[in-house]
Amino acid sequence: MSSDATHAVRIESIRAVYRHLPLTLGASAVNAIVTAVVLAPRAGTGPVALWLAGFAAMLLPRFLAWRRFTRRPAAALAAPVWSRMAVAGSFVSGALWGACSLWLMPDEAPYPVFVAFVIGGMCAGAITVNATHLRSVAAFILAADLPLAGRLAWQGGTLGLPMAAMTLLFAGALLITARRYADQFAEGVRARIALGERTEELACANAQLRAEIAEREQAEAALRQAQKMEAIGSLTSGVAHDVNNVLMVVRGAAETLKRRLAHTPGHLRQIAAILRATERGATLTRQLLAFARKEVLHPAAVDVNAMLRGIGALLEATLGKSVRLDLEFTAKLRPAFIDRSSLEHAIINLAINARDAMPDGGTLTFRTSALTLDEPDPALDLPAGCYAEITVSDTGRGMSETVLARAFDPFFTTKPPGQGSGLGLSQVYGLLRQSGGGVRLESAPGRGTAVHLFIPLAKTGAATVSEPDLLSARAPEPTAEGKSSHIVVLDDEDMVREVVVELLESAGYRVSAFARANDALRVIESDAAIALLISDLGLPDRAGDEVARDARLLRPSLPVLFITGYNDPALLAEEPWQLRKPFSESELLAMVAHALRQRSAAN
């Protein structure tokens, strides 16, 4: 048995003795009085009274010991003094009954039988109430039975000697029984301790299991959210592709009409409205692609503190006088690596959302800080590394848990119809995820909203540059020789292909248009005068990058201009010539001029 179990058995055995002590003392007192009444006529009043006084002297200290024991703390119950006091009390009580058999018991019948019956009953009772503490039982039985057996043996005769032997046999049987009771009690205590330990282990295991279940539920919820966002992203990117093709046709046709109707101002207003509508549609599809993480980004080292200072005036004009703008920057923050214009657009979107959440005014705070993750953060789905953190917090209405759970869903908005597209936060989410960062949203009704943007830091020593903007750069006008160049246009959308051909031919270029890649490649192979290939990315028979690779095998110096409504960042990051549908006539002609000049310089 371990030391802890032995200690526990000792405490429980002593506790049981003292718990039953009032019953033991009461039974002893009653039996002593009955015995005194029976023996007084033969033994004399004086000796019996003296014997009862001895009982009273024994009962009072044991009762006081019981009172003291019950008021002791549990930690003090294992002190050896309590065990010694219990043994001493049992011995004195047994000795008094032994003295009764030696001093007060008459020799003639039926007194010896009466005394032996009383003492035997007291010994049996001692086993019942004190069996948990073997030493106390043994002290009482030996002190009470040995004098009785000695007295009966001393009397001798045909009755005395057999009764003496039976008394000793009875005492031995009682001691054996008491030992078994004590062993069973100890086993019970040990079993209870083991059960308690096992219960504690099970409780710890259950607590760990509950924690693992909660962690797994969080992981499953995060996975479901990621899968939902991925599915929505795939859907929205596909929708954006088709919408961009439609917008390309509308915009190209409107610009053709604008050129042809330049002398009829009455129609130009309607054409301008069409062009504005296509611009708005293009902005919407760019937001969809940003959410779907299919937007082509031009990441560079960006000083986020300087960027926020730079757009401070724009933010103040956007927010109005009722909203106070606070900028809290961490000094010496390393540049972040992200597309600058996309980040600026995301910041403005967040500021507008914050302004709308504070109709009665409030405070909008932009705070920057550095974050280092020594290990991946599964909650944000961020790998270990260093990040710049931009926190955008407002004192507005806040969001409920239901709204918070859907805040990043595209087209989800709590604003009235016509006042929000529901793409602001989803675009921010897509930008950060595509840039290798993350976003966390904190909000509660009446407590405002805080959006935390986590952006990977640029490598040490990287130059901080502005975002390159190739499409907005103005190309030089193509020469007469350049305008006569032969261009191959490859797009499976008939209306898009027709619009591009119309724009190019109106500028004086010679154009061959095809819907299938193999047809375009045959012309490129047979005609060495082909100066440029304009190809869509998504073709039914072959991907646009494969067509470009095969065309360059046929004509190594042939430039390829990609036009697409569904951008592939991994591909287009390697391609210098690209246009996003819907593009304008000036953008197309400027890009074509750039590509042709590069070809001429290479040759």
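Coordinate-derived values only; no laboratory data. The structure presented is a predicted model; accordingly, all values stated were derived computationally and were not measured. All Cβ positions, even for glycine, are placed from backbone atoms using ideal geometry, and neighbour counts span all protein chains on display.
Quick look at the values:
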{"item": "Sorted peptide list for 23-33, 191-201, criterion being average Cβ within 10 angstrom, highest first", "result": "23-33, 191-201"}
{"item": "Mean shadow area of region 312-365 over all directions, Cα convex hull, nm²", "result": "4.1"}
{"item": "Additional length obtainable on full extension of the chain from Arg192 to Leu23, 0.36 nm per residue less Cα span", "result": "58.3 nm"}
{"item": "Cα pair distances in region 300-456, grouped into 10 Å bins until the bin that holds the longest one, percent each", "result": "11, 41, 37, 10, 0"}
{"item": "Leading residue at positive end of dipole, region 300-456 (Cβ point charges), from Ser369, Gly385, Leu343", "result": "Leu343"}
{"item": "Rounded to the nearest 20 debye, dipole of region 300-456 from Cβ charges on Lys, Arg, Asp, Glu", "result": "380"}
{"item": "Hits among aspartates and glutamates - C-alpha to C-alpha of Lys321 under 17 Å, sequence gap 8 or more where chains match", "result": "Asp356, Asp360, Asp394"}
{"item": "Quotient of Cα Rg and 2.2 N^0.38 Å for region 480-602, N being how many residues it contains", "result": "0.94"}
{"item": "Karplus (6.51, -1.76, 1.60) ³J(HN,Hα), θ = phi - 60°, over region 40-53, in Hz, Gly and Pro reported as x", "result": "4, x, 9, 8, x, 5, x, x, 5, 5, 5, 5, 5, 4"}
{"item": "Highest average packing first - 54-61, 430-437, 206-213, Cβ atoms within 10 Å", "result": "430-437, 54-61, 206-213"}
{"item": "Alpha-carbon gyration tensor eigenvalues x 5, square-rooted, for region 1-149, Å", "result": "32, 15, 11"}
{"item": "Residues in region 319-351 reached by a label modelled at Ser369 [backbone nitrogen below 16 Å; 7 Å Cα→Cβ]", "result": "327-334"}
{"item": "Ascending count of other beta-carbon atoms within 10 Å, so fewest first, for Lys459, Lys258, Lys321, Lys581", "result": "Lys321, Lys459, Lys258, Lys581"}
{"item": "Distance (nanometres) between label positions extended 7 Å along Cα→Cβ at Cys204 and Phe114", "result": "6.4"}
{"item": "Cα-based convex hull volume of region 482-552 per residue, rounded to whole Å³", "result": "71"}
{"item": "Simple spin-label estimate for Lys459 and Asp492 in nanometres, 7 Å along Cα-Cβ", "result": "3.8"}
{"item": "Contour minus Cα-Cα distance for Asp550 and Arg42 (0.36 nm per residue)", "result": "169.4 nm"}
